[in-house]
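Written out below as structure tokens is the structure these notes cover.
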Amino acid sequence: MSLYSALTTSVAGMAAQSKSMQNISGNIANTSTVGYKRVDTAFVDLVSNFTSNKSAQTSGSVMTNSRQTNTVSGPIGSSDTSTHMSISGDGYFVVYEKIGETDGTPIFDGTPMYTRRGDFTLDEDGYFVNEAGHYLAVIELDDATGNPVSSVPQPATFEEGFMAAEATTTVKYTGNLPAVPSTTDTAGSMITPGAGYTVDPTSAGAGVVQAQDETQFLSQTISGGAITTYIANGENASLQLRWGKISDTPDTWNLYYKSDSTATGTATKWTNVGQNYTFDSTGAMTAPTSNVTVAGMTVDGINLGNIVLDHGGNGITAFATQTGVANMNLSQDGAAAGELTNISIDSSGHVVANYSNGKSSNLAEIILASFDGDNYLARESGGAFRATEDSGEAILGATGSIRGSSLESSNVDIADEFSKMIVSQQAYTANTRVLSTARDMLSEVMQVIR
């Protein structure tokens, strides 16, 4: 009876090693497959005869189970494609399978699938599709508020778009004013105000520079930089700034902007923003204590409206230097109209539209799913998985983070697979030897009864 058991056990051993070789060959074949999760083989022993007598117990047969490695990440490498993405840590992309079309619009299977394969690109209809043909599901964001428009990820289209112009409302301005400004008309450590213009905006009729006095004005002030600003229809105006020092005690400056570059004679060419900037002995700004609003700012006939000069608290300083405005940083919140240039994925998992005007906007948010039992997911072709009773339902909002312009490679270690293949080959050969030896022993038994 034991010889017959040896025969069946060796056959089971050969079958088990064949199953192992099948998994190894599949893993090796998918070494270069994006997001592939290798399948290992678990060998389980079977008890041939149950008895409480330990001396009567014998070794049994063997069976195999496939062991998933869904929680084992593959190496992450960079990609030149802006819509490629990978997941660092826990999570899966939510995807859907296309099952048909109606009037050119895709129809999707109602059951979501999950994948780590992130080689998504935009198809001709504007959907994100990976190389396995799975459609990415996202949460679309409202254009005006940026808030989600739903709580359930669904495939969405991202077609060519246009961004309307945005009017400038705030100019952010930081920098350091020199203690002794280098001008062409410097008397001691301060600039002597010219007779043709008044640098004190609190005086009657002050706050402007006539065109005929511009030469003197330029000789007694320093450049404060320039920036392009916009109105709602996209028309732009170059905002040019200059600083003039009017007092050493306390250290006091005035800021001007060129309001009319074509002005002549007694017409106003430069306008004071209407605020004294004062600094203490350490160079810290003591006034203004909040943002400065220039009411009805007009530059070269373009009415910009009320413009806020945001200095970021103590963003303007007056440390001891003899140069112009140092460490200057000028920016503004307006923009010309722009066409969509490309779509990319940022580090927060947002689908970002980038426009020709340098602006960008978040179109959608990519939500990751997680499972309590990752290794009990049902595998589908193309590196996708479906939820099962053992895996549990998908939990939206996984802890992993998305990395744009990158891809997760297969988690197969080809050297390790070759090592397992050698072991499996040797074990298979050994089982064939058991089979042939048991056959010979049975043959001897048959010879006895002759």
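Each value in this text was obtained by applying a stated rule to the coordinates, not by laboratory testing. Predicted model, so just to flag it, every value in this text is computed and none were measured. All Cβ positions, glycine included, derive from the backbone under ideal geometry; neighbour counts span all protein chains shown.
Distance between Cα centroids, region 1-51 to region 127-183: provide it in whole Å.
52
Only Cα pairs within less than 10 Å get springs; with that Gaussian network setup on the chain, which residue of Thr341, Thr249, Thr33 has the largest fluctuation?
For the chain, modelled as a Gaussian network with Cα springs under 10 Å, the answer is Thr249.
Quick one: order Ile307, Ile107 by neighbouring beta-carbon count within 10 Å, fewest to most.
Ile107, Ile307
Using a basic spin-label model with each label point 7 Å from the Cα along Cα→Cβ, how many nm lie between Ala287 and Ile422?
8.5
Treating the angle as unsigned and between 0 and 90°, give the value, to the nearest 10°, between the Cα long axis of helix 2-29 and the longest Cα principal axis of the chain.
Around 20 degrees separate the two axes.
By average Cβ neighbour count within 10 Å, what is the ranking of 414-420, 270-276 from highest down?
270-276, 414-420
Can you spot the aspartates and glutamates whose alpha carbon is less than 16 Å from Lys172's alpha carbon? Ignore those fewer than 8 places along the same chain.
Candidates past the 8-residue exclusion: Asp310, Asp333.
Between Phe162 and Asp372, what is the label-point separation in nm under the 7 Å Cα-to-beta-carbon projection?
About 5.2 nm separates the two model spin labels.
Put a dot 7 Å past each Cα toward the Cβ at Thr278 and Ser436; how far apart are the dots in nm?
Taking the simple label geometry, Ser436 and Thr278 are separated by 10.5 nm.
Mind checking the full-extension length gain between Asp390 and Thr215? Use 0.36 nm per residue of separation minus the Cα-Cα distance, one decimal, nm.
54.7 nm
Sorted by mean Cβ packing within 10 Å, highest first, what order do the peptides 282-293, 207-218 take?
So the peptides 282-293, 207-218, ranked by packing, come out 207-218, 282-293.
For Thr81 and Asn306, what is the calculated FRET efficiency with R₀ set at 60 Å and r taken between the beta-carbons, to the nearest 0.05?
The formula returns an efficiency of 0.85 here.
Given a cut-off of 24 Å, name the pairs among Lys37/Lys420; Lys269/Lys359; Lys19/Lys98; Lys98/Lys359 whose C-alpha atoms lie farther apart than that in the structure shown.
Lys269/Lys359; Lys19/Lys98; Lys98/Lys359
Which residues does the label zone of Ala232 cover in region 319-343, counting backbone N under 16 Å from a point 7 Å along Cα→Cβ?
Only 334-337 pass the distance filter.
Antiparallel as a % of all DSSP beta bridges within the chain, to the nearest 5?
Of the beta bridges lying entirely in the chain, close to 95 percent run antiparallel.
With the cut-off at 1.5 for a/c, could you classify the chain from its C-alpha gyration tensor as rounded, prolate or oblate?
Prolate.
Which of the three applies to region 296-366, rounded, prolate or oblate, going by the alpha-carbon gyration tensor with a ≥ b ≥ c and a/c under 1.5 meaning rounded?
oblate
What's the ranking of 138-144, 90-96, 80-86 by average number of surrounding C-beta atoms within 10 Å, highest first?
Top to bottom by mean Cβ count within 10 Å: 90-96, 80-86, 138-144.
Helix-only estimate, please: 222 nm mean residue ellipticity of the chain, summing -39500 (n - 2.57) across DSSP H runs of length 4 or more and dividing by its residues, to the nearest 500.
So the helix-based figure for the chain works out to -5500 deg cm²/dmol.
Just to confirm the number: angle between the C-alpha axis of helix 414-448 and the first principal axis of the chain, 0 to 90 degrees, nearest 10?
It is inclined by approximately 10 degrees.
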